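> First the structure, then my questions, so here it is.
The values are calculated or read from the model by the stated rules, or taken from the named source; none is laboratory data. All figures in this text were calculated on a predicted structure; none of them were measured in a lab. Because the Cβ atoms are built from the backbone with ideal geometry, glycine has one as well, and the counts that use them run over all protein chains shown. SASA here: full protein model, heavy atoms, side chains in, ligands and nucleic acids out. Shrake-Rupley method; radii C 1.70, N 1.55, O 1.52, S 1.80 Å.
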Amino acid sequence: MSSWTPDLSDRPGPRYRAIADALAVDVAEGRLAPGERLPTHRDLAFRLGVTVGTVTRAYAEAERRGLLGGEVGRGTFVLDPRPPDRPNPLAWHPRNDPAVVDLTAITPHHNDGDTALRAALAALAASPESLHALMDYGPHAGLPAHRAAAAQWMARRHGLEVPPDAVLITTGAQNALAVAITAFVRPGEVMLAERLTNYGTKALAAALGVHLEPVALDDDGLLPDAFDAACRRLAPKALYLVPTLQNPTASVMPAARRAEIAAIARRHGVLIVEDDVFGFLVPGAAPIQTIAPDITLYMTSLSKSVASGLRVGYLVAPPALFPRLEATARALHYCAPPLPVEIASRWLVGGQADRFVEVQRAECAARQTLARATLPSATVSGHPAAQHLWLVLPEPWRRDDFIGEARRRGVVVTGADTFAVGRAAAPHAVRLGLCMPRRRDDAARGLRILAEALADPASAALSIV
Ligand SMILES: Cc1ncc(COP(=O)(O)O)c(C=O)c1O
């Protein structure tokens, strides 16, 4: 029998629910395994200093959430949360091919949120007063409670102190970007971006007819002098950038350079569009928004920390710009769907999202260590907290040859040209989404294969005559 004794000290609210919540987390995070027998009601009550009735109620709640089962005379057991083997009707992605190690995307480490989701759905089902509001249209900027939860989260995890009414809820950072650009950059106008940038931004600019123009970057991110020169030459409307864990190079811009960029933008009347989807991975990297809140549109999301499928993002704007964003959100999607935002907000307020972040950060650190131990050190670039890694190819490798060779050996990666703005030559480098394979072992296998390929440049010679 397990000696499971949860720590309830940071769990406010009724004790029975705190016990059931702790149990859900411990099952999700593997501290309680399927089949494990739980302490008797009397034992656990004694250890926690609660009544036996409280434990009985807690176990009943956990049973209702599908976490526990019991048999008379045999006690209470942790149930296997996995459904029996049957085809998954929702599977769609080629990453499900077990023969291929797919490192193409920056996805978070799979955090086993299934248990948290089951618990959240059960809790929602038990609060009918909320359900009605969640089935209705919401306000364009989001429900007040959701904006308040977002503001608290950004203060805690992104170093951004803003009032809830500065926050517009979106369906992910991509949608926040769509709202921001649609609102403030007209078709045919110029927006600057790092020379290598988030592919979603390139796609959006193309769809909206916005001219994206490249600005040089180095190991610390966007170069201030190049930005200044581009402002003089092109009179841009806005600058889009990812100062923390830049996509694709994984650089983190130092504080002094952030201040320089803000000063240049102010001098030229350029709006800063700051994308901080990875900010939670680098505590202390203060967003540019904190230096120049009046000229910055700031966006982040829960895609990289909690779950990308919830499609929950946040757009922060100064009061003078907010009404135009709200009107644009209304034009594009009316409002973000309240149901997933409610689930996310419960996790933000209840502490579950913080636990997801801790799991995420630990897994990123472990995979980065693995990558740095496996790949030649001269090829590895980027900050070691990132979910991705920038692999700079050594001579004589050319980017496309390496991508082809890696593919032949069973690993897929994304080449620098995917991220290049404009038609200038892209570097001989590739991006590795280290957290994309669900299992760390698969990531390790992929990295070993890439290291072998790098060490064998003869394989770059194609049979072309
Ligand atoms: C820099 C950056 N911004 C935005 C996004 C899109 O985020 P979301 O899923 O919140 O739309 C990504 C996704 O990879 C990204 O890397």
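The rows are residues; the columns are (1) in the same structural domain as Gly159 (by TED's automatic domain parsing); (2) touching a Ser or Thr at 6+ places or on another chain (Cβ under 8 Å); (3) within 16 Å of the ligand (Cβ to nearest atom).
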| residue | (1), (2), (3) |
| --- | --- |
| Leu315 | yes, yes, yes |
| Val359 | no, no, no |
| His383 | no, yes, yes |
| His388 | no, no, yes |
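> Now for a different question. Do we have Thr374 as in contact (Cβ under 8 Å) with a residue 24 or more places away in the chain, open to solvent by 30 Å² or more (accessible area, probe 1.4 Å), more than 30 Å from Ser127 (Cβ to Cβ) and of a type in the set (S, T, N, Q) here? I'd like the intermediate steps shown before the answer.
Values: in contact (Cβ under 8 Å) with a residue 24 or more places away in the chain: yes; open to solvent by 30 Å² or more (accessible area, probe 1.4 Å): yes; more than 30 Å from Ser127 (Cβ to Cβ): yes; of a type in the set (S, T, N, Q): yes.
So Thr374 passes the test.
> If you go through region 415-434 one residue at a time, how many are over 24 Å from Cys364 (Cα atoms) and among the basic types (Lys, Arg)? Break it down into steps so the answer makes sense when it comes.
Kept after step one, since they are over 24 Å from Cys364 (Cα atoms), are these residues of region 415-434: 417, 420-428.
When the remaining residues are screened for being among the basic types (Lys, Arg), the result is 423.
Going through region 415-434 one residue at a time, the tally reaches 1.
> Could I ask something else about it? Can you name every one of the helices (runs of 4 or more DSSP H) wholly within region 171-272 that holds 3 or more residues which are within 30 Å of Ala336 (Cβ to Cβ) and without any contact (Cβ under 8 Å) to a residue 12 or more places away in the chain?
Working: elements: 172-184, 199-208, 224-234, 255-268.
Answer list for region 171-272: 199-208.
> Oh, and also: Residue by residue through region 330-356, note down the ones that are small (Gly, Ala, Ser) and more than 14 Å from Leu143 (Cα to Cα).
Ala331, Gly350, Gly351, Ala353
> Hey, among the residues in region 194-206 that are hydrophobic (A, V, I, L, M, F, W, C) and open to solvent by 10 Å² or more (accessible area, probe 1.4 Å), which one's farthest from the ligand (Cβ to nearest atom)? Step through it out loud before you land on a result.
Going residue by residue through region 194-206, those that are hydrophobic (A, V, I, L, M, F, W, C) are 196, 203-206.
From what is left, the residues that are open to solvent by 10 Å² or more (accessible area, probe 1.4 Å) are 203-204, 206.
Values: Ala203: 11, Leu204: 10, Ala206: 16 Å.
The qualifying residue farthest from the ligand (Cβ to nearest atom) is Ala206.
> If you scan region 102-129, which residues turn out to be of a type in the set (Gly, Ala, Ser), open to solvent by less than 30 Å² (accessible area, probe 1.4 Å) and part of a helix (DSSP H, G or I)?
Within region 102-129, Ala116, Ala119, Ala120, Ala122 meet the criteria.
Yes/no per residue for (1) among the polar types (S, T, N, Q); (2) over 17 Å from Val306 (Cβ atoms); (3) within 15 Å of the ligand (Cβ to nearest atom); (4) out of contact with any Gly (no Cβ under 8 Å at 6 or more places or on another chain):
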position: Ala119; (1), (2), (3), (4): no, no, no, yes
position: Ala125; (1), (2), (3), (4): no, yes, no, yes
position: Tyr137; (1), (2), (3), (4): no, yes, no, yes
position: Leu143; (1), (2), (3), (4): no, yes, no, yes
position: Met154; (1), (2), (3), (4): no, no, yes, yes
position: Glu161; (1), (2), (3), (4): no, yes, no, yes
position: Pro164; (1), (2), (3), (4): no, yes, no, yes
position: Gly172; (1), (2), (3), (4): no, no, yes, no
position: Ala176; (1), (2), (3), (4): no, no, yes, no
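Residues checked against (1) in contact with a helix residue (DSSP H, G or I) (Cβ under 7 Å, 6 or more places away or on another chain); (2) within 25 Å of His110 (Cβ to Cβ); (3) among the polar types (S, T, N, Q):
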position	(1), (2), (3)
Ser377	no, no, yes
Gly382	no, yes, no
Ala386	yes, yes, no
Asp401	yes, no, no
Glu405	yes, no, no
Arg408	no, no, no
Thr414	no, yes, yes
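> Looking only at region 277-313, which residues are more than 16 Å from the ligand (Cβ to nearest atom), assigned to a loop (DSSP other than H, G, I, E, B) and either β-branched (Val, Ile, Thr) or closer than 23 Å to Thr115 by Cβ (or both)? Before you say what the answer is, go through the steps one by one.
So the first thing to find is which residues in region 277-313 are more than 16 Å from the ligand (Cβ to nearest atom), and the list is 283-284, 286, 290-295.
Adding the requirement that they be assigned to a loop (DSSP other than H, G, I, E, B) leaves 283-284, 286, 291-292.
Within region 277-313, Ile291 is the sole residue that qualifies.
> What's the number of the condition Met191 fails, among (1) buried (at least 18 other Cβ atoms within 10 Å of the Cβ); (2) under 21 Å from the mean Cα position of the chain (by Cα); (3) within 15 Å of the ligand (Cβ to nearest atom); (4) not aromatic (Phe, Trp, Tyr)?
(2)
> On to the next question. With the structure loaded, tell me whether Arg324 is assigned by TED's automatic domain parsing to the domain that holds Ala155, in contact (Cβ under 8 Å) with a residue 40 or more places away in the chain, open to solvent by 30 Å² or more (accessible area, probe 1.4 Å) and part of a helix (DSSP H, G or I) or whether it fails that test.
yes
> Give just the number: which of (1) away from the ligand (no atom under 11 Å from the Cβ); (2) under 17 Å from Phe419 (Cβ atoms) does Leu241 not satisfy?
(1)
> So, one more: Tell me which residues, restricted to region 33-67, are of a type in the set (Lys, Arg) and either in a helix (DSSP H, G or I) or under 19 Å from Asp10 (Cα atoms) (or both). Before you say what the answer is, go through the steps one by one.
Here is the first cut: in region 33-67, the ones of a type in the set (Lys, Arg) are 37, 42, 47, 57, 64-65.
Arg42, Arg47, Arg57, Arg64 - these are the residues of region 33-67 that are of a type in the set (Lys, Arg) and either in a helix (DSSP H, G or I) or under 19 Å from Asp10 (Cα atoms) (or both).
> Using beta carbons and a limit of 7 Å, which pairs, at least six apart or on different chains, have the first residue in region 99-121 and at pLDDT 85 or above and the second one among the β-branched types (Val, Ile, Thr) and in a loop (DSSP other than H, G, I, E, B)?
Short answer, once both residue conditions are applied: Leu103/Val413; Thr104/Val413.
One line per residue, one yes/no per condition, for (1) closer than 26 Å to Ala353 by Cα; (2) surrounded by fewer than 20 Cβ atoms within 10 Å (Cβ to Cβ); (3) under 32 Å from the mean Cα position of the chain (by Cα):
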position	(1), (2), (3)
Ser2	no, yes, no
Pro14	yes, yes, yes
Arg17	yes, yes, yes
Ala20	yes, no, yes
Arg37	no, yes, no
Asp43	no, yes, no
Gly53	no, yes, no
Tyr59	yes, no, no
